[in-house]
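Data first, discussion second: the structure below is written as structure tokens.
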DNA sequence: TTGCTATTGCGAATCAATTGCAATAGCTGT
DNA sequence: ACAGCTATTGCAATTGATTCGCAATAGCAA
């Protein structure tokens with residue numbers, strides 16, 4: 001967890017300024033364990049600063065992503081919305097339940113192994129992997145089987 | 001490779017009709033080894049039938065996806081465009097080079113292993129995995145290192 | 001050939017995300 | 001504390017991929 005001061009100085013080092021809007025958005029991202037999209041961040045932030053504009057949220061998320069403080073994620077197959085989560089979690093991937101929309105985190109070294117093997121084989125260098133799994137969680141499997149009968 | 005007749009009958013079985021537009025779009029998807037998005041399918045098809053509309057391309061791609069004749073894919077980190085490829089290839093994943101935009105296919109059993117392990121552990125059932133890798137291919141690694149210096 | 005209805009072309013609508021711009025407000029140096 | 005530079009904001013308009021409504025058209029089964 002970053003202290004506010006070090007975060008502020010990181011912003012400054014990047015020639016940026018600490019504004020109330022950014023403080024607010026940062027605090028929301030810091031407090032939540034969820035994966036939020038821009039709309040949801042906006043909705044929560046707006047309750048505390050009714051003047052906030054959604055463009056500011058998008059711009060702030062983009063900056064935080066550039067600074068590698070948050071990670072952009074996609075969930076579900078037809079992923080057309082970007083979600084964000086704090087980076088200070090270990091390497092992990094996501095499973096989205098199509099029944100209850102719950103997101104379960106998947107931890108495995110195998111994805112990184114794939115990258116290493118492929119690099120060794122081809123000489124390529126990885127910068128990013130987007131992995132999203134989809135299906136039905138244990139609770140929803142039965143419901144889904146009933147549906148498809 | 002499906003024969004045209006069996007494809008036509010599969011369409012009919014689904015209560016659909018074979019139209020010149022669909023024939024055209026199917027032939028383009030059949031001939032190419034590339035991964036095409038709707039715009040590119042449209043561009044290529046339009047050369048042969050200048051009356052074709054892009055909405056028809058989107059609708060046809062959607063039908064083919066529902067019939068599981070083609071697979072929807074995303075490439076690159078900020079994937080906001082859907083690409084399609086024929087399904088009659090083995091299980092594989094994609095690496096996109098950020099330098100030359102080349103797409104390299106990655107074959108590995110490890111992704112499926114991750115799914116199996118997670119299923120065994122949690123009881124979840126997978127329906128789909130979206131995996132896209134990104135980085136620099138062997139040819140572009142050096143250029144990229146020069147850029148970031 | 002007829003009739004039913006799936007399909008098409010067209011334009012308008014969506015929806016998440018981005019951008020241009022003038023007004024505002026951090027921050028640095030004095 | 002102040003002044004000045006410029007990063008940032010709010011707002012409205014725009015983008016870009018994709019979808020949708022609808023009237024006209026055209027497959028296809030009888």
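Taken together, the values in this text are just the output of simple stated rules run on the coordinates, not laboratory data. Quick caveat: nothing in here was measured; it's all calculated off a predicted structure. Backbone-built Cβ (ideal geometry, glycine too); neighbour counts: all protein chains shown.
Other protein chain C-beta atoms within 10 Å of residue C-beta, averaged over B:130-143: 5. I need the shape label for region B:90-149. Rule: rounded when a/c is under 1.5, else prolate if a/b > b/c, else oblate, with a, b, c from the alpha carbon gyration tensor. Since a/c reaches 1.5 and a/b is larger than b/c, the shape of region B:90-149 is classed as prolate.
Using a 10 Å cut-off around each Cβ of peptide B:120-126, what is the average number of partner chain Cβ atoms that fall inside?
Average neighbour count from other chains, rounded to a whole number: 6.
One chain, two ends: residue A:122 and residue A:107. Fully extended at 0.36 nm per residue, the span grows by 2.8 nm beyond their Cα-Cα distance.
Take residue B:72, push a point 7 Å out from Cα through the beta-carbon direction, and compare it with the same point in every other copy: 1.9 nm, smallest first. Counting, for every residue in B:87-99, the Cβ atoms of other protein chains within 10 Å of its Cβ and taking the mean gives 1. Placing a label point 7 Å from Cα along the Cα-to-Cβ axis, residue A:50 is separated from the same position in the other copies by 5.9 nm, shortest listed first. Of the peptides B:81-92, B:132-143, the ranking by mean beta-carbon count within 10 Å, highest at the top, reads B:132-143, B:81-92.
Mind pulling the angle between the C-alpha long axis of helix A:4-13 and the longest principal axis of chain A? Nearest 10 degrees, somewhere in 0 to 90. Helix A:4-13 sits roughly 80 degrees off the main axis of chain A. Between the C-alpha center of region A:56-106 and that of region B:23-100 there is a gap of 26 Å. For chain A, the relative contact order comes to 18 percent (Cα pairs under 8 Å, sequence separation of at least 6).
Taking 0.36 nm per residue of separation and subtracting the current Cα-Cα distance, fully stretching the chain between residue A:47 and residue A:71 would add 6.2 nm. Between rounded, prolate and oblate, where does region A:1-94 land on the alpha carbon gyration tensor, with a ≥ b ≥ c its root eigenvalues, rounded for a/c under 1.5, else prolate if a/b exceeds b/c? Judged from the Cα gyration tensor, region A:1-94 comes out oblate (a/c at least 1.5, b/c at or above a/b).
Here is how far apart the residue A:138 label points are across copies: 4.5 nm, shortest first, using a point 7 Å from Cα toward Cβ. Each peptide in A:114-125, A:11-22 was scored by the mean count of other Cβ atoms within 10 Å over its residues; highest first, the order is A:114-125, A:11-22. Classification of the protein assembly as shown by its C-alpha gyration tensor yields a prolate form. The axis ratio a/c (a ≥ b ≥ c) is 1.5 or more, and a/b outweighs b/c.
R0 = 51 Å: FRET efficiency of residue A:12 with residue A:143, Cβ-based, nearest 0.05? Working shown, then result.
Values: r = 52 Å, r/R0 = 1.01.
FRET efficiency, residue A:12 to residue A:143: 0.50.
Measure nothing but the geometry: give the 0 to 90° angle between the long axis through the Cα atoms of B:54-66 and the longest principal axis through the Cα atoms of chain B, rounded to 10°. Here the helix axis deviates by roughly 80 degrees.
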